[in-house]
Amino acid sequence: MKLWVLVLLLAIFIHGVAGGDGFVRTGRTRFLLNGSPYYANGFNAYWLMYVASDPSQRSKVSSVFREASSHGLTVARTWAFSDGGYRPLQYSPGNYNEQMFQGMDFVVAEARRFGIKLILSLVNNYENFGGKKQYVNWARSKGQYPNSDDDFFRNQVVKEFYKNHIRTVLNRYNSFTKIHYKDDPTIMAWELMNEPRCTSDPSGRTIQAWIMEMASFVKSIDRNHLLEAGLEGFYGHSSPQRMRLNPGFNIGTDFIANNRIPGIDFATLHSYPDQWLSSSNDQYQLSFLNNWISTHIQDAESILRKPILLTEFGKSWKVPGYSTNERDLLFNTVYYKIYASARRGGAAAGGLFWQLLTEGMDSFRDGYEIILSQNPSTANVITQQSRRLYQIRRIFARMRNIERWKRARAARGKRIGN
């Protein structure tokens with residue numbers, strides 16, 4: 001092989017590994033990182049900012065990132081909110097707790113150190129850490145008269161409170177990395193809300209309008225990062241034939257319509273058969289899970305034409321009849337669906353289990369927690385998935401580099417011929 005070919009191949013390889021700006025993008029139904037397909041085997045850890053706000057506890061954040069990285073996990077989803085209440089990020093609208101924000105700064109810095117991308121959620125649907133209820137109560141204290149917590153999505157004062165939070169987080173200057181959040185490729189995506197629900201308007205129009213408004217607002221500040229809505233995946237009136245697949249919920253969201261909004265870059269899906277179908281046996285729950293994931297992947301490919309990320313799934317040891325084997329079977333079922341799609345270049349871009357803890361965090365146990373050092377069989381399932389997705393990424397990257405090499409050789413041939 002001639003020297004120029006070797007030099008060209010080396011340059012292509014180096015660019016493929018280190019080139020680009022490090023932001024995760026989308027290309028049709030795939031995530032891309034520096035031009036190559038990117039797949040996310042990851043985890044949820046909502047507690048990261050909360051724990052990191054206490055400097056004496058920051059070693060737990062470092063430990064969980066270190067352990068995650070050693071098992072090939074590359075994406076973490078966590079809360080960038082804590083509204084009112086005990087140790088808040090936001091004491092009141094526009095009034096922020098610098099100690100808590102420095103905790104978030106540390107999380108972003110540590111994620112960067114361990115090569116982990118972050119999905120940062122901006123508000124909660126539920127009362128935990130404040131959520132939409134706290135925002136509505138703040139509006140009441142300002143003389144507003146909302147009828148219910150669902151007026152979070154409708155009341156103009158509440159929406160301005162939330163937009164201010166978006167603006168504050170995206171423009172935050174990280175005290176550790178010295179980079180504004182909106183400019184930091186460590187952050188993979190913003191999430192508008194954790195599991196938005198509006199039961200007062202099952203038509204879906206309220207949440208549709210809210211997502212459209214807020215997605216446009218986020219993009220007006222930050223066009224570097226991806227954005228997703230935080231949906232669980234329930235079908236709505238835009239696809240009535242699919243609504244029968246929902247596990248008995250009608251909560252004002254619409255998987256198809258909500259994810260078609262231009263500012264939403266990828267679709268999300270949650271799955272908790274042990275909660276949603278608690279009166280059914282494990283076999284039925286697994287059958288539901290298979291169909292739930294397959295249908296959403298199909299819709300992401302053929303209708304939405306966007307990647308889809310399974311951003312929450314798990315199985316609780318608190319459910320009667322639980323066994324580790326059943327949990328590992330559920331993880332394997334989820335992971336195989338993702339792998340099979342990814343292998344053929346489909347829309348499934350990865351999965352994030354709920355939730356990852358490290359040693360000494362008993363007060364955060366909720367039944368779904370995975371402690372890698374204490375759950376060796378599940379940890380092995382997780383690691384195998386990381387390896388499979390990494391191999392797919394390498395194959396696609398190699399194919400891309402070969403194509404680039406062929407084009408470069410063809411271009412050189414033309415120059416010589418001229």
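For region 286-332, the tally of residues that are in contact with a Leu (Cβ under 8 Å, 6 or more places away or on another chain), within 24 Å of Ile256 (Cβ to Cβ) and either of a type in the set (Val, Ile, Thr) or part of a helix (DSSP H, G or I) (or both) stands at 9. Considering only residues in region 182-208 that are assigned to a helix (DSSP H, G or I) and out of contact with any Phe, Trp or Tyr (no Cβ under 8 Å at 6 or more places or on another chain), the one that is farthest from Lys117 (Cα to Cα) turns out to be Arg205.
Kindly check whether there is at least one residue in region 79-95 that is under 30 Å from Ser341 (Cβ atoms), part of a strand (DSSP E or B), under 20 Å from the mean Cα position of the chain (by Cα) and in contact (Cβ under 8 Å) with a residue 12 or more places away in the chain. So far as region 79-95 goes, yes, one or more of its residues are under 30 Å from Ser341 (Cβ atoms), part of a strand (DSSP E or B), under 20 Å from the mean Cα position of the chain (by Cα) and in contact (Cβ under 8 Å) with a residue 12 or more places away in the chain.
For His165, state whether it is over 13 Å from Lys133 (Cα atoms), surrounded by fewer than 22 Cβ atoms within 10 Å (Cβ to Cβ) and touching a Phe, Trp or Tyr at 6+ places or on another chain (Cβ under 6 Å). No, not satisfied.
To keep it simple, each residue is scored yes or no on (1) within 23 Å of the chain's Cα centre (by Cα); (2) at negative phi; (3) assigned to a strand (DSSP E or B).
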| residue | (1), (2), (3) |
| --- | --- |
| Gly143 | no, no, no |
| Phe152 | yes, yes, no |
| Val158 | no, yes, no |
| His165 | yes, yes, no |
| Thr177 | yes, yes, no |
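Could you list all residues from region 39-75 that are over 26 Å from Gln385 (Cβ atoms) and outside any helix (DSSP H, G or I)? Within region 39-75, Ser53, Asp54 meet the criteria. Pairs are defined by a Cβ separation below 6 Å, a sequence spacing of at least 6 or placement on different chains, a first member in region 116-141 that is without any contact (Cβ under 8 Å) to a residue 24 or more places away in the chain, and a second member that is among the charged types (D, E, K, R) and assigned to a loop (DSSP other than H, G, I, E, B); the pairs so defined are Lys133/Glu127.
Residues that are part of a helix (DSSP H, G or I), closer than 18 Å to Tyr368 by Cα and out of contact with any Leu (no Cβ under 6 Å at 6 or more places or on another chain) within region 271-285 comprise Asp274, Gln275, Trp276, Asp282, listed in sequence order. The residue of region 29-66 that is surrounded by the fewest Cβ atoms within 10 Å (Cβ to Cβ), among those that are more than 24 Å from His270 (Cβ to Cβ) and of a type in the set (D, E, K, R), is Asp54. Among the conditions (1) surrounded by 20 or more Cβ atoms within 10 Å (Cβ to Cβ); (2) more than 30 Å from Tyr38 (Cα to Cα), Asp184 misses just one, which is (2).
All conditions in (1) touching a Leu at 6+ places or on another chain (Cβ under 6 Å); (2) in contact (Cβ under 8 Å) with a residue 24 or more places away in the chain; (3) not polar (S, T, N, Q) hold for Ile371, with the sole exception of (2). For region 328-353, a tally of residues being closer than 18 Å to Asp282 by Cβ and either in contact with a strand residue (DSSP E or B) (Cβ under 9 Å, 6 or more places away or on another chain) or surrounded by 23 or more Cβ atoms within 10 Å (Cβ to Cβ) (or both) returns 6. Kindly check whether there is at least one residue in region 69-84 that is farther than 19 Å from Ser373 by Cα and surrounded by fewer than 20 Cβ atoms within 10 Å (Cβ to Cβ). Among the residues of region 69-84, at least one is farther than 19 Å from Ser373 by Cα and surrounded by fewer than 20 Cβ atoms within 10 Å (Cβ to Cβ), which makes the answer yes. Would you be able to say whether some residue in region 188-203 is farther than 17 Å from Asn124 by Cα, touching a residue at least 40 places away in the same chain (Cβ under 8 Å) and under 16 Å from the mean Cα position of the chain (by Cα)? Yes, the conditions are met somewhere in region 188-203. Among what's in region 90-107 and is touching an Asp or Glu at 6+ places or on another chain (Cβ under 9 Å) and closer than 17 Å to Gln57 by Cα, pick the residue that is surrounded by the most Cβ atoms within 10 Å (Cβ to Cβ). The residue in question is Gly103.
Any residue at all in region 355-378 that is acidic (Asp, Glu), in a helix (DSSP H, G or I) and either at pLDDT 85 or above or over 20 Å from the mean Cα position of the chain (by Cα) (or both)? Walk me through it before giving the result.
Quick first cut of region 355-378, residues acidic (Asp, Glu) only: 359, 362, 366, 369.
From what is left, the residues that are in a helix (DSSP H, G or I) are 362.
When the remaining residues are screened for being either at pLDDT 85 or above or over 20 Å from the mean Cα position of the chain (by Cα) (or both), the result is 362.
Yes; the residues of region 355-378 include at least one that is acidic (Asp, Glu), in a helix (DSSP H, G or I) and either at pLDDT 85 or above or over 20 Å from the mean Cα position of the chain (by Cα) (or both).
The set of residues in region 238-270 being basic (Lys, Arg) and either surrounded by 17 or more Cβ atoms within 10 Å (Cβ to Cβ) or in contact (Cβ under 8 Å) with a residue 24 or more places away in the chain (or both) consists of Arg242, Arg260. Restricting Asp222, Asp201 to those that are more than 25 Å from Asp151 (Cβ to Cβ), among the acidic types (Asp, Glu), touching a helix residue (DSSP H, G or I) at 6+ places or on another chain (Cβ under 8 Å) and surrounded by 16 or more Cβ atoms within 10 Å (Cβ to Cβ) reduces the list to Asp222.
The values are calculated or read from the model by the stated rules, or taken from the named source; none is laboratory data. No experiment lies behind these values; they were computed from the predicted model shown. Neighbour counts are summed over all protein chains in view; Cβ atoms, including those assigned to glycine, are modelled from backbone coordinates with ideal geometry.
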